Amino acid sequence: MKLILISPPFGEKGQKSKGLPIAPPVLEYLAGLTLKVRSDVHVQLIDANKDQFVLDDLDADLIGFTVLTPQAPWVYRTADRLRAMGKQVLLGGIHVTALPDEAARHADAIVLGEAEEIWKGLLDDAEQRRLKPVYQGGFPDLKGLPRPVTNLWESNYVYGYFQTSRGCPHRCTFCSVHQFFGGAVRTRPIDEVVAELAESKRRLFWGIDDNVWGVNMNYTIDLYREMGHSLRGKSWFGSGDLVSVEHPRSGELLTNARKAGLTAVLVGWESNNIKSLEEYKATNKQGRQRRDAIRKIRDHGIEVMLFMMIGGRQDRVEDYEGILKLCDELKVSAHPVMTTPFPGTELYEMYKPYLIPGQDWDSFDGNHAVFTHDDPAMSVEFREDAIVKLRAELFTIPRILGRIPQISWRGFPMSHITSWMIQYPQGRAFKQFARERAALQASANML
C-alpha cells in the first residue's frame with residue numbers, strides 16, 4: 001500500500017511560494033505514526049510550497065492533506081480533481097475539524113482531531129477501499145509517541161521541530177488550540193523528548209507547543225534542565241506567554257531555558273488596545289508588568305518578538321503607529337498580523353455578522369481584512385495598506401541592527417544570530433508580499 005501526504009501551499013489563491021524554512025511538522029509525524037502502526041506502508045511526503053509535483057502523476061492508494069483555513073480552497077480544488085481521477089482522498093487538520101461538513105464534500109474521509117487512536121484502522125480501511133466518511137480522533141496520552149521521519153523530503157529545511165505538550169491553559173477568543181486539543185494540557189515524558197532531540201541530525205528546531213513554558217512550571221523547568229544537561233550545540237525557538245515570567249520560579253525557568261538552547265521566543269502581546277485585549281480574553285496571559293517581562297527575558301540571553309494583532313473591531317487608526325512606537329521603545333521586533341476570526345473560534349462567532357460576503361477562505365491569511373469596522377477611517381483598504389506600511393517600517397535594516405545588541409551577552413552568539421535569522425528573512429518576506437500586492441492592484445486597475 002502507498003500513502004502520499006501533502007502539505008498545501010501558503011501562497012494567496014494557491015500560488016506557489018518559497019515556503020517556510022521549517023519542515024512541515026504534521027507530515028513528518030504522520031509518517032512516523034504510519035511506520036509505527038503499519039510498517040509495510042510506503043510513505044511519500046510532498047511540500048507543495050517547495051516541491052514540484054504533477055497532479056496527474058500522483059499514484060497512491062490514499063492521498064492525504066492537512067488543512068489550515070487559508071489553504072482550504074487550494075486543497076478542495078486539488079482534492080476534487082484527484083477524486084475525479086478515482087483516487088481516495090483524506091482531509092484532516094484544524095480547518096477540517098472546525099468545519100467537517102464543508103470538508104467532507106471534498107473527501108472520501110475526514111479526520112477530526114488527533115490521529116493516533118484511529119490511524120491504523122483508517123489505513124486498513126483505505127487498503128480495502130472501505131473508508132468511513134468520518135474518523136473521530138480522541139485525546140491520547142502522549143507517552144510513547146512515534147519519532148518524526150525526517151528523510152522523506154525532496155527539499156532541505158533549516159529547522160526541524162519538537163513537541164512537548166498539546167493544549168494551552170488560556171482561552172483566547174481568537175485561538176482554537178484549546179478546542180482542537182481539548183481543555184486539559186497533556187505533556188510528553190521528559191526522557192522521550194530529550195532522546196528524540198539528541199538523536200536528531202538537525203541542529204536548529206522550532207518548539208511547536210502553543211506555549212513553551214505556561215503549561216506546567218515544574219514540568220517545564222525539569223524539562224529544560226534535562227535538555228541543558230543532555231543536549232549540546234542545538235538551538236531552538238518557540239512561543240510563550242508573558243504572565244509566566246512573573247512566576248516566583250521564572251528566573252530559574254529562564255536560566256534553564258537558555259541552557260536548553262532556547263534562543264528566541266515569540267510572546268503573545270496580542271494588542272496595545274485594552275478593549276481589544278478584553279475582546280480577545282487575553283488580559284490574563286499578559287501579566288501585570290509586561291514591559292518588565294520583555295526585559296527580563298532578554299536579560300537571560302533570549303531574544304523576544306511580539307505577536308501582535310491589528311485591525312480588529314475595537315482597534316483604532318492610532319494603534320498602528322502605537323505598535324511601531326512600542327517596538328522602538330523596547331527595541332524589539334513584532335510579528336503583526338491582521339486580526340482574523342478563524343472558524344472554530346469564539347471570535348469567529350462574534351464577528352460573523354460583520355464578515356464581508358463573497359470571500360473565500362484563502363483571504364483568512366492574516367494579511368487581508370475580512371470583516372467590516374464601525375469606524376469609517378478603518379476601511380478595508382486602510383487596514384490592508386496600513387499593515388503593509390507598518391511591516392515595512394518595522395523591519396528596516398537600521399531597526400534590525402539596533403535591536404540585536406539589546407539581547408544580553410549571556411545568549412551570545414546563538415541568540416544574536418537567531419535574532420538576525422528571524423528578523424531579516426521576515427522583513428524580506430513582508431517586502432515581497434508588498435510587491436506582489438502592488439502588482440495585483442496595478443493589474444486590477446488596468447482591467
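A few comments on the model shown:
- FRET efficiency, SER39 to GLU117 (Cβ-Cβ, R0 25 Å, nearest 0.05): 0.85
- Taking the number of Cβ atoms within 10 Å of each Cβ as an exposure proxy, the fewest-first ranking of ASP80, ASP209, ASP101 is ASP101, ASP80, ASP209.
- Listed by Cβ neighbour count within 10 Å, with the fewest neighbours leading, LYS87, LYS2, LYS120 appear as LYS2, LYS120, LYS87.
- Residues whose placed amide H lies under 5 Å from that of LEU62, excluding near-sequence neighbours: LYS2, ILE4
- ³J(HN,Hα), Karplus 6.51/-1.76/1.60, whole Hz, each residue of the stretch 32-37, x for Gly, Pro: x, 5, 4, 5, 6, 9
- Computed from backbone phi, the HN-Hα couplings of the stretch 391-408 come to 4, 4, 6, 5, 10, 6, 4, x, 5, 4, 5, x, 7, 4, x, 6, 6, 4 Hz, rounded to whole numbers (Karplus: 6.51 cos²θ - 1.76 cosθ + 1.60, θ = phi - 60°; Gly and Pro given as x).
- Residues whose placed amide H lies under 5 Å from that of GLY160, excluding near-sequence neighbours: LEU204, PHE205, TRP206
- Whole-Hz ³J(HN,Hα) from phi, Karplus 6.51 cos²θ - 1.76 cosθ + 1.60, for the stretch 194-201, glycine and proline x: 5, 5, 4, 5, 5, 8, 6, 7
- Among PRO405, PRO146, PRO336, residue whose mean-square fluctuation peaks in a GNM of the chain (springs only between Cα atoms under 10 Å): PRO405
- Amide H partners (placed H, <5 Å) of LEU266, local residues excluded: GLY238, SER239, GLY240, MET305
- Cα gyration tensor shape for the stretch 2-136, rounded if a/c is under 1.5, else prolate or oblate: rounded
- Listed residue pairs exceeding 21 Å between alpha carbons, taken from LYS2/LYS36; LYS87/LYS120; LYS36/LYS234; LYS50/LYS234; LYS50/LYS132; LYS331/LYS389: LYS36/LYS234; LYS50/LYS234; LYS50/LYS132
- Ranked PHE412, PHE181, criterion: other C-beta atoms within 10 Å, fewest first: PHE412, PHE181
- Beta bridges by DSSP in the stretch 160-433, antiparallel share as percent, to the nearest 5: 10
- Within the chain, helix-based [θ] at 222 nm, where runs of 4 or more DSSP H residues each add -39,500 (n - 2.57), nearest 500: -11500 deg cm²/dmol
- Inter-label distance, nm, simple model (7 Å from Cα along the C-beta direction), ARG295/SER443: 4.9
- Kirkwood-based Rg to Rh ratio, the stretch 160-433, C-alpha trace: 0.96
- The overall shape of the stretch 118-162 is oblate: from the C-alpha gyration tensor, with semi-axes ordered a ≥ b ≥ c, the ratio a/c is 1.5 or greater and a/b is no larger than b/c.
Taken together, the values in this text are just the output of simple stated rules run on the coordinates, not laboratory data. Source: prediction; values computed, not measured. Cβ coordinates were reconstructed from backbone atoms using ideal geometry, including for glycine residues, and neighbour counts include every protein chain displayed.
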